[in-house]
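Read the structure below first, then the notes.
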Ligand SMILES: [Zn+2]
């Protein structure tokens with residue numbers, strides 16, 4: 001994360017985002033986005049109804065890798081998410097897999113809308129990727145959720161945004177809201193992130209993991225922030 005972003009995040013006041021209570025729907029493009037962005041917050045939500053929807057199984061994270069093929073990843077990544085959520089204190093999480101094509105969500109708008117609609121309708125709070133995060137899959141899921149939320153409160157979570165330069169004069173910068181956390185919630189998040197073995201560990205000695213060291217460091221240490 002750039003120093004400029006650190007300054008922006010450090011300057012945020014303590015006004016939390018509006019949480020209507022009730023059922024929270026947590027939507028991700030890939031099974032790990034939600035924990036990377038909001039693991040600490042999730043660990044504090046075990047008393048409420050939580051629904052998880054993953055648009056893809058994240059099978060395209062290792063293109064060309066002879067071991068972590070798409071078939072292998074389809075078998076592993078959804079289980080990594082369940083284990084991570086368990087480490088956050090969410091036993092038997094309800095995770096709906098839409099099984100859309102990883103890397104192809106930008107051209108799956110109508111499928112995304114129709115598959116997500118019944119889930120959004122069940123929710124009071126929808127937590128979805130930020131629609132201008134800069135990853136085509138994240139952006140597509142975020143745009144679909146934004147279009148579907150009518151009465152629901154929508155929180156949009158950035159992931160890759162923190163890797164870019166701080167944009168100038170964007171209206172949404174004033175909508176950044178920091179979520180409360182605790183030392184214990186942070187500890188649980190760090191433990192949960194380690195469950196994403198295919199993503200946080202190098203596929204081969206010396207290789208950079210899919211979740212880069214800078215992204216992982218941000219996930220472990222920076223405040224959790226949503227646009228809301
Ligand atoms: Zn992702």
* Candidates 38, 50, 25, 12, filtered to the one that is touching a strand residue (DSSP E or B) at 6+ places or on another chain (Cβ under 9 Å) and within 16 Å of the ligand (Cβ to nearest atom) -> 38
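Just one of 7, 19 is in a loop (DSSP other than H, G, I, E, B) and either more than 14 Å from the ligand (Cβ to nearest atom) or modelled with pLDDT under 90 (or both); which is it?
Values: 7 fails: in a loop (DSSP other than H, G, I, E, B).
Step by step, each of 7, 19 is checked, and only 19 is in a loop (DSSP other than H, G, I, E, B) and either more than 14 Å from the ligand (Cβ to nearest atom) or modelled with pLDDT under 90 (or both).
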* Give me the pairs, please: first residue somewhere in segment 121-134 and free of Cβ contacts under 8 Å to residues at least 40 places away in the same chain, second residue anywhere and away from the ligand (no atom under 14 Å from the Cβ) and in a loop (DSSP other than H, G, I, E, B), beta-carbon distance under 7 Å, and either six or more positions apart or on two chains. => 134/164
* Failed condition for residue 42, given (1) buried (at least 24 other Cβ atoms within 10 Å of the Cβ); (2) not in a helix (DSSP H, G or I) -> (2)
* Within segment 169-189, track down each residue that is free of Cβ contacts under 8 Å to residues at least 40 places away in the same chain and closer than 19 Å to residue 157 by Cβ. => 170, 171, 174
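The values are calculated or read from the model by the stated rules, or taken from the named source; none is laboratory data. Since the structure is predicted, the reported quantities are computational estimates derived from the model, not experimental observations. Note that we place each Cβ from the backbone using ideal geometry, even for glycine, and neighbour counts take in every protein chain shown.
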